[in-house]
């Protein structure tokens, strides 16, 4: 099992953070050794999906808009 | 590609004295010397008369005299004497560069002199701070400056290039790295928690149990890389910012382009333990120097490859994340600088 600190079985993994200034850092973008890009965000609940007329199937996360800027600038 | 409106390290302070020193910086020939009161001076290393490098001349008081026909220049680069001629043309002047002495290095501003604010000099205080033991040095590298920046932002090469000195395979295979990008700065951070200390750390830090170890690389344009490495006994709070009972070292790098294919590489190593122990300072310095020689062999070979096939396609891997961010910052700053230059020229 992988440990939180990245030891043990964890392969090479990069966390990317865009920091506009001391107070404003975006959520993280993770680049994993299996080639995936994983974003940090909040899960969108069923209630939210119904309210916002979003599809009910599949996993969804909402991300801070600044994260989109980070993706554009960093990936 | 060079960025001009930045302070660069041009020489170690001890290199510049009453004998003119020639050095090419960002493709421009520069001569350095000190006036009789010890103030450093830098100007274009080319006589306005017949282009002989002024560094071949000699100092007459505070004037630099050309070796060829004896024209003399004052500290501002103004020609103030032409043998056998009373009238000195007003354009008999070479370009003078702002210089500042700090941290045992001589810094030069190659861009617009009006923008040369010494407050913008990158902090390398560890090199002359009484709370640190430190030694600095210089390497001449037959490679483009950005290859050196790339190398210092990449931790995984330690496993291969420095296999027998400071690296091990875990650095490449089982690492979690955080890359924090700010508009003009990249920080690459890696923590290794609750692991045995490497032999060199045991020797100088006296660790008897596992440690929390960090490697933090701070990149500031155009080519300053300040590495913060160290360890504390595990669980004592270093990841939260409380460094107690451990050791910290700073590996400090300032790269100055000479040409597009050659670089001046100023570097130093500082430590916060047993700071007055000069033998220890030397020993730590030598260990790092051995590793740096291994890097220089890599840069030189890379440059040879690039000379044969310029701008070949290249593959980026996850480990290049910090490198890519730094390159993007440099490309953007260069674009901005060029745009400002063109705007000024168009006025």
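The values are calculated or read from the model by the stated rules, or taken from the named source; none is laboratory data. Since this is a predicted model, take the numbers as computed values, not measurements. So basically every Cβ, Gly included, is an ideal-geometry build from the backbone, and we count neighbours across all protein chains shown.
For this structure, a couple of remarks:
- Residue check for residue A:2: at pLDDT below 90, out of contact with any helix residue (DSSP H, G or I) (no Cβ under 7 Å at 6 or more places or on another chain), within 12 Å of another protein chain (Cβ to nearest Cβ) and surrounded by 14 or more Cβ atoms within 10 Å (Cβ to Cβ): no
- Residue tally, condition surrounded by fewer than 18 Cβ atoms within 10 Å (Cβ to Cβ) and part of a loop (DSSP other than H, G, I, E, B), over region B:76-91: 9
- Subset of region B:303-324 that is out of contact with any strand residue (DSSP E or B) (no Cβ under 6 Å at 6 or more places or on another chain) and within 14 Å of chain A (Cβ to nearest Cβ) - its residue that is nearest to residue A:36 (Cα to Cα): B:317
- Checked against the criterion of being over 18 Å from the mean Cα position of the chain (by Cα) and on the phi > 0 side of the Ramachandran plot, region B:301-320 contains one or more residues that satisfy it.
- Each residue in region B:102-139 was checked for being outside any loop (DSSP other than H, G, I, E, B), within 30 Å of residue B:247 (Cβ to Cβ) and in contact with a strand residue (DSSP E or B) (Cβ under 8 Å, 6 or more places away or on another chain), and 11 pass.
- In the set (1) within 14 Å of chain A (Cβ to nearest Cβ); (2) within 17 Å of the chain's Cα centre (by Cα); (3) outside any helix (DSSP H, G or I), residue B:327 fails one condition alone, (3).
- Take the conditions (1) outside any strand (DSSP E or B); (2) surrounded by 15 or more Cβ atoms within 10 Å (Cβ to Cβ); (3) in the same structural domain as residue B:112 (by TED's automatic domain parsing); (4) within 22 Å of the chain's Cα centre (by Cα); residue B:23 misses just one of them, which is (1).
- Here residue B:96 passes the criteria (1) within 30 Å of residue B:285 (Cβ to Cβ); (2) crowded, with 16+ Cβ neighbours inside 10 Å; (3) in contact with a strand residue (DSSP E or B) (Cβ under 6 Å, 6 or more places away or on another chain) except the one numbered (1).
- Number of the condition not met by residue B:152 [criteria: (1) more than 14 Å from chain A (Cβ to nearest Cβ); (2) crowded, with 16+ Cβ neighbours inside 10 Å; (3) more than 30 Å from residue B:25 (Cα to Cα); (4) out of contact with any helix residue (DSSP H, G or I) (no Cβ under 8 Å at 6 or more places or on another chain)]: (3)
- Scanning region A:40-75 for residues that are more than 28 Å from residue B:324 (Cα to Cα) and either within 13 Å of chain B (Cβ to nearest Cβ) or in a loop (DSSP other than H, G, I, E, B) (or both) yields A:44, A:45, A:52, A:53, A:54, A:55, A:56, A:57, A:58, A:59, A:60.
- Residues in region B:64-74 that are buried (at least 17 other Cβ atoms within 10 Å of the Cβ) and part of a loop (DSSP other than H, G, I, E, B): B:66, B:71, B:74.
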